[in-house]
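Before any comments, here is the structure.
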Amino acid sequence: MRTIVVTGSASGIGAATRKRLIAQGERVIGVDIRDADVQADLSTASGRRDAIARVEHLCEGRLDGLVTCAGLMGLPSRPGRVLAELNFFGTIEFLAAARPWLARGTRPAVVAISSNSTTAMPGLPVELTRLLLDGDPAEAIAYADKVGSPDAYAATKLAVAHWIRRQATKPEWAGAGITLNAVAPGKTETGMLAEGRADKTYGPLIDAFPVPVGRSAQPEEIAALIGFLLSPDARFICGSVYFIDGGTDAQLRANDFPAPFPAPRPKQA
Ligand SMILES: NC(=O)c1ccc[n+]([C@@H]2O[C@H](COP(=O)([O-])OP(=O)(O)OC[C@H]3O[C@@H](n4cnc5c(N)ncnc54)[C@H](O)[C@@H]3O)[C@@H](O)[C@H]2O)c1
């Protein structure tokens, strides 16, 4: 039996992942603001510290997997800082804290949840992504408030994807036998989507979003991919970002991925 932590385990993709893993005989430690083994608010620094300490106690400093689903969508009524804190810092601070526990685990694997909004949202505020990854956290959080949460959402999810790709290949992750990958779901029928549909500005946009397969996903379909990335069959997968979005990304940006390695520029005389 492996021990796997799932954040955002109370609902949607996290709940479907938890259920799938338990059905496979794994031990799951759920972390969420409600209805979880570890109840904590991951959108605050003190909540994250508390959750990390309690998870370390429960797993005795040894972990086989970690899935970071806790997240909120951007809405006009929600401050941008909440998304910077939860979607980005709530993911990467948990990952950084769990790294030594994972290094002691069996076939340790991490799956972070990004989003296909990273490539489907025109004019994403890339400055916020830059500040989250490379700037001062307080400045990034203040900037997220400035752009507002509807725009901040995709920028926080792009930062998660880039953080995963940057870290995955390092000696302390790949070199320590820990696989680090991300899943980028498209429209999925969860509490988050219901919350978006209830918003009078956002609701009509959600159902106008193009999905070539003609429907939204069920959370169990996303959990199946997460389950595969945690499995022994996925040990060669490192630093990948998997889009699972019914074809939206392919439709909007067919030729943008894979992007070929550009030829080196000729040296100036
Ligand atoms: N549903 C979609 O269409 C979609 C698309 C792309 C990406 N995602 C991502 O998938 C992940 C899971 O979302 P979902 O769609 O299952 O939504 P959901 O609302 O069903 O689940 C999110 C979970 O996060 C928890 N959470 C919220 N605030 C928290 C906090 N401050 N501290 C701790 N936990 C908190 C909630 O209680 C809930 O259990 C999110 O990161 C989301 O951004 C969802």
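The values are calculated or read from the model by the stated rules, or taken from the named source; none is laboratory data. Bear in mind the structure is a predicted one, so any value in this text is a computation, not a measurement. Here the Cβ positions follow ideal geometry from the backbone for every residue, glycine too, while neighbour counts run over all protein chains shown.
Here are some notes:
- Of all residues in the stretch 196-219, those being within 11 Å of the ligand (Cβ to nearest atom) and modelled with pLDDT of 95 or more number 5.
- Among the residues of the stretch 175-190, the ones that are surrounded by fewer than 24 Cβ atoms within 10 Å (Cβ to Cβ) and over 23 Å from Gly247 (Cβ atoms) come to 4 in all.
- Counted residues, the stretch 50-79 - those being farther than 27 Å from Ala194 by Cα and of a type in the set (S, T, N, Q): 0
- Failed criterion for Ala142 (all others in (1) part of a helix (DSSP H, G or I); (2) without any contact (Cβ under 8 Å) to a residue 24 or more places away in the chain; (3) of a type outside the set (S, T, N, Q) hold): (2)
- Of the residues examined, Ala40 is one that is within 12 Å of the ligand (Cβ to nearest atom), free of Cβ contacts under 8 Å to residues at least 60 places away in the same chain, among the small types (Gly, Ala, Ser) and under 30 Å from Lys146 (Cα atoms).
- Residue count for the stretch 7-28, restricted to those that are among the β-branched types (Val, Ile, Thr) and near the ligand (Cβ under 7 Å from one of its atoms): 2
- Filter pass, Glu172 being closer than 20 Å to Ala112 by Cα, surrounded by fewer than 22 Cβ atoms within 10 Å (Cβ to Cβ) and more than 17 Å from the chain's Cα centre (by Cα): yes
- Residues that are buried (at least 16 other Cβ atoms within 10 Å of the Cβ) and more than 8 Å from the ligand (Cβ to nearest atom) within the stretch 59-78 comprise Cys59, Leu63, Asp64, Gly65, Leu66, Val67, Gly74, Leu75, Arg78, listed in sequence order.
- In the stretch 93-115, the residues that are in contact with a helix residue (DSSP H, G or I) (Cβ under 7 Å, 6 or more places away or on another chain) and either within 13 Å of the ligand (Cβ to nearest atom) or free of Cβ contacts under 8 Å to residues at least 60 places away in the same chain (or both): Glu93, Phe94, Ala97, Trp101, Val111, Ala112, Ile113, Ser114, Ser115
- Qualifying residue in the stretch 212-225 (condition: touching a residue at least 40 places away in the same chain (Cβ under 8 Å) and over 21 Å from Gly8 (Cβ atoms)): no
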